[in-house]
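Every read-out reported here was derived from the displayed coordinates using simple, explicitly stated rules and does not represent laboratory data. Note that the structure is predicted; figures quoted are calculated from it, not measured. With ideal geometry, Cβ positions are generated from the backbone for all residues, glycine too; neighbour counts draw on all protein chains shown.
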Amino acid sequence: MKKLTKILAVLLACITVFSTASLAAEGTLPNEETTTLTQEETTLPAEEETTAPAEEETTAPAEEETTAPAEEETTAPEEETTEPVTQPEEETNSPEEETTEPSTQPEEETTAPEEETTEPEKPEIVLPKAPTGLAVQSSNQSQCALHWDYDKTVDGYDVFLKVDGEWVYQRTTNNNAAYVFNLICYSTYEIGVRSFITVNNEKYYSEDMATIIYNSPDEVPYVSMHIKKTYAGGITFTWSNINKGISGYILYKRENNKWVRIATIHDKEAEEFDYNFPDMQVGKSYKFAIKTFVKGTKGTKYSKLYTLTLKISEIGKTELEVADKTASSITLKWDKVEGAKGYRLYEYNSEKKKYETVKTTSKLSYTVTGLDASTKYRFRVRAYYKVNGETKWCTFSDSIPAYTDSKSIKASRVSKYKKYFTDGDWSVKITGLSDSYGNYMDYTFAVRDTKIFIRYDYKSKKLSDFEYLIDLKKEKVYLILDDTKTYSVLDDEAAYEIVYSAAIMGVILDMSDAKGVKAETTLYNDKSAVKEYYTDKETGMKKTFIFYGGKPVRLEVTYADGSSEYIAISRINDTPSSSVFKVPSGYKKVAY
């Protein structure tokens, strides 16, 4: 029974706390009463819950906890729910009277913590000390390197430069060293460094700043100058941009044995200058000079003078190129020349051996028409400008070759020679061939019935001429030597090589199956020629003959696999006598 009484007491206490807290939340109880009530009721039941009930819950039967307390829990709250309903009616005026007082109390509580959060933090921050040992470690005309003692209690440093009496921020560093840039030589500077620590992402600086007086070098650096280009009536000078503590540049021209200033440039970043010089002449020499200057805190100072002697070799020279071409026209274009009023295009006349005017234009291109197909031409161009109404000419461009395209014509030359390349008798003589040792020779190849004749005539008198006679019917190959008046019958291996090479040459030279020949104009050694070509359907070879002056001068062969070769300077139908198709009488047979 004691156990049940204790459990009921705990439940009653919890229900009372819950009901009272609910009323306070609804505004029926004052805030002060709510806090007092909950504190008193949460201490007393808590001791009983942790001591008596905790041990007895593990030993007491589950039936007692689920039956007896359950009935009283459903009745006790019903009695207590009616009492709180009547209490708010009596105390409705009470909260309205007290709403003003509690509203002021939280304001006092919210301001008080703010004073407590700021005031206690200030004593905790110990400001860093200013850097010690500040010194200039190295320097040049436009910068200096600073260094100071290391302090492990400092998070970083800000570097300042005094400009017009005010400190101007330069950079932040975490190291005990830093550079100061963009200084002017021949000047005195005051540089400061202030240390800081970081607390809650906020910087706290040292009260003092370490300062130093720095004197930049007094020597003013100089530059070297050269000519970038010449144009119509002017020169462009250029130099290396040093930007090492200078203020600008001064350019001079030598006139009447003294230096005359032609320009003062106050931009230290400048790298070039356009000088208007309409009276300059090709082949004449001129003198120019440049020097740098500095306007520092100590005054104005100049570098030494750099002089330049310029001999005008060209004025406004442009570049000419072929933009397009057809069989009867060539389109040329050229680069713009600064200051030019126009351009004149010239064509070389090979008969008169001089250049003649084609067109004067203000445009940058021109199409020359009425030209011959597959023909080489030469052109050049130059710009001109005006000075006080007088025409001044720029330098000629380089002369360039230009070729017109080929055009289709009627084929006739291959058919003229085709009759000599039949299945019967035919021959060809090729000049200018060379063997694998570089020895030049004339090569004669002739066919009659079942016999083939091949002759090598060397240009060098030190080498012996010789012939091969191939008798396909007898299946024999003869080597005939003119100088010894002898002949040999080759063995099978040597004979095979000669027959194989002769068969290839025969197929290459044969025109007996020349069908569907096409022709067009072309260029051979920069001269107009005729190209006639066809494809041998049996072998797949594409044979191209080049005719110059009506005679064949070149044979190009492209095989079915894409490889190619050519035979130059050939003479067709150089028929040898019938006696060459047999071993000469009186020649002695010798072993091979």
Averaging over every viewing direction, what projected area does the convex hull of the Cα atoms of the stretch 256-381 cover, in nm²? 12.0
Can you run phi through the Karplus equation (6.51, -1.76, 1.60; θ = phi - 60°) for the stretch 562-569 and list ³J(HN,Hα) in whole Hz, with x for Gly and Pro? x, 6, 8, 7, 9, 10, 9, 6
Computed for the stretch 225-311: size of charge dipole around the Cα centre, +1 on C-beta of each Lys and Arg, -1 on C-beta of each Asp and Glu, debye to nearest 20, value 480
Per-selection Kirkwood Rh - the stretch 225-311 (Cα, Å, 1 d.p.): 13.7
Within the under-9-Å Cβ sphere about I235, not counting I235, Lys/Arg +1 and Asp/Glu -1 give a net charge of +1
Would you mind checking which residues have amide H under 5 Å from Y231's amide H? H placed 1.01 Å from N; only 5 or more apart, or other chain. T236, G316
Base-10 log of normalised Debye intensity for the stretch 135-215 (one unit scatterer per alpha-carbon) at q = 0.20 Å⁻¹: -0.88
Cα extents of the stretch 439-592 along the three principal axes, largest first (Å): 52, 35, 27
Positive-end residue, the stretch 409-589 charge dipole about Cα centroid, Cβ charges, pick of G540, S488, V477: G540
If each part is reduced to its alpha-carbon centroid, the stretch 489-503 and the stretch 345-409 end up apart, in Å, by 58
Take the cross-link list K253/K341; K336/K363; K515/K542; K418/K531; K418/K518 and give me the ones stretching past 20 Å between alpha-carbons. K253/K341
Can you run phi through the Karplus equation (6.51, -1.76, 1.60; θ = phi - 60°) for the stretch 370-378 and list ³J(HN,Hα) in whole Hz, with x for Gly and Pro? x, 9, 7, 6, 6, 10, 8, 10, 10
Selection of GluC sites (Glu not before Pro), the stretch 335-438, meeting DSSP coil and at most 12 other Cβ within 10 Å: E351
Could you work out the relative contact order of the stretch 320-403, using alpha carbon pairs under 8 angstrom and six or more residues apart, expressed as a whole percent? 33
In debye, nearest 20, what is the charge dipole magnitude of the stretch 451-592 about its Cα centre with +1 on Lys and Arg Cβ and -1 on Asp and Glu Cβ, if you could check? 540
How charged is the neighbourhood of I400? Take every other residue with its Cβ under 15 Å from the Cβ of I400, and add Lys/Arg as +1 and Asp/Glu as -1. 0
Total charge of the residues flanking D561 in space, meaning their Cβ is under 15 Å from its Cβ, with Lys and Arg +1 and Asp and Glu -1, is -1
Quick check on my link table: of K268/K311; K333/K551; K473/K543, which ones sit more than 31 Å apart, alpha carbon to alpha carbon? K333/K551
Taking the convex hull of the alpha carbon atoms in the stretch 320-403, what volume per residue do you get, in Å³? 91
